[in-house]
Every structure is written in structure tokens, then in C-alpha cells.
1. Return yes or no: is SER26 among the hydroxyl-bearing types (Ser, Thr, Tyr), in contact with a helix residue (DSSP H, G or I) (Cβ under 6 Å, 6 or more places away or on another chain), under 20 Å from THR107 (Cβ atoms) and surrounded by 14 or more Cβ atoms within 10 Å (Cβ to Cβ)?
2. Filter region 98-124 down to the residues that are in contact (Cβ under 8 Å) with a residue 40 or more places away in the chain and out of contact with any His (no Cβ under 7 Å at 6 or more places or on another chain) and list them by number.
3. Could you check, for region 71-82, whether at least one of its residues is of a type outside the set (A, V, I, L, M), out of contact with any Cys (no Cβ under 7 Å at 6 or more places or on another chain) and part of a loop (DSSP other than H, G, I, E, B)?
4. Are there any pairs with C-beta distances below 8 angstrom linking a residue in region 74-97 that is surrounded by fewer than 13 Cβ atoms within 10 Å (Cβ to Cβ) to a residue that is modelled with pLDDT under 80, with the two at least 6 apart or on different chains, and if so which?
5. Within region 13-33, is even one residue over 19 Å from the mean Cα position of the chain (by Cα) and either part of a helix (DSSP H, G or I) or not aliphatic (A, V, I, L, M) (or both)?
6. Which one of LEU25, LEU48, LEU44, LEU33 is at pLDDT 95 or above, out of contact with any strand residue (DSSP E or B) (no Cβ under 7 Å at 6 or more places or on another chain) and not β-branched (Val, Ile, Thr)?
7. Can you tell which of LEU58, LEU31, LEU123, LEU106 is surrounded by fewer than 16 Cβ atoms within 10 Å (Cβ to Cβ), over 23 Å from LEU8 (Cα atoms) and either in contact with a Gly (Cβ under 6 Å, 6 or more places away or on another chain) or not charged (D, E, K, R) (or both)?
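The values are calculated or read from the model by the stated rules, or taken from the named source; none is laboratory data. Keep in mind that what you see is a predicted model, and the values were worked out from it rather than measured. Reconstructed Cβ throughout: ideal geometry from the backbone, glycine too, with neighbour counts over all protein chains shown.
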Amino acid sequence: MTRHAHRLARWQRLGLFGCGALLTLSGVLWLALHYSVGAGAGELPHPLEAWAIRLHGLAAFGALFMLGVLAASHIPQGWRMSGRPRWAQQRGSGASLCALGALLALTGYLLYYFAPESVRPALGWAHSLAGLGMAALVVVHRRPKSR
């Protein structure tokens, strides 16, 4: 196996990081618009709020597709390679990324379809924190390792 056999193909990296960046930016934009200083009880939502969440949902579909792409080759191959000392630390961050991805898909689905109004704020904050955690963990998982 060559040194870079575990690396994602260029289209996979672009798709994954593109979806991830779009998810993060649209989610942060929605949070900023929804919880802005001017927002108060009885006020109308910001006009861009609906577009930010629509963009977030679209990017989520792309991210789910990319998770399937990763599940087909990168994850199993990375799991096998993580037996080597140089790659062992990526097993933990990779498993954490998979768990966060599943949590984000579940909480996003619940927010969109099932969450009662009494649970929505807490579930929304859990979803937001998990998303920011995932964005940070991608950087840790991706960083070059020393030899």
C-alpha cells in the first residue's frame, strides 16, 4: 500500500470540505440571525433566516451523501491502517467524527420533523454545539502527522 493510499480523492475532499464549510457557515449564519440583538418576543424573524436554514438543509443532504462515500472506502481502510502506531490516534478522531455525524443527522431530523416546542430550544443548541464540535474535530483529524 502506498503512503497516500488512505487519502481521499480530490473530488471527495472538495465535496466533503465544501459541504462541511457550507453547513458550518449556514448554521452559524442562522444562529446569528435567529438570536441577534434585535430579535425579541413578538418580532418577525429576519428575512434571511429562512434562506439560511434552506441552504443548511441542502448542504446536509450533500453531507449525508459524502458520509456514504466515506463509509464505502475511507473509513474501513482507515480503520485497518490505524493499527499502525503513526495512524492510531486518527482512529479515535475518526470514530468521534462518525458519532457526531450520526448525532447531527438524528438531531437535525428530529428538529425538522418531530421536536415538540418544549424541546426544540435544547435540541437546537445540542445540534449547534455538536456541529461546531464536528467542524473543530475535522481540523484535528485532518492535520498532518509527524513521521
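1. So SER26 fits the description; yes.
2. ALA105, TYR112
3. yes
4. Correct list of pairs: ARG86/LYS145; ARG86/ARG147; ALA88/SER82.
5. Looking for residues that are over 19 Å from the mean Cα position of the chain (by Cα) and either part of a helix (DSSP H, G or I) or not aliphatic (A, V, I, L, M) (or both), one finds at least one in region 13-33, hence yes.
6. Unique residue meeting the criteria: LEU25.
7. Checking each option against the conditions leaves just LEU106.
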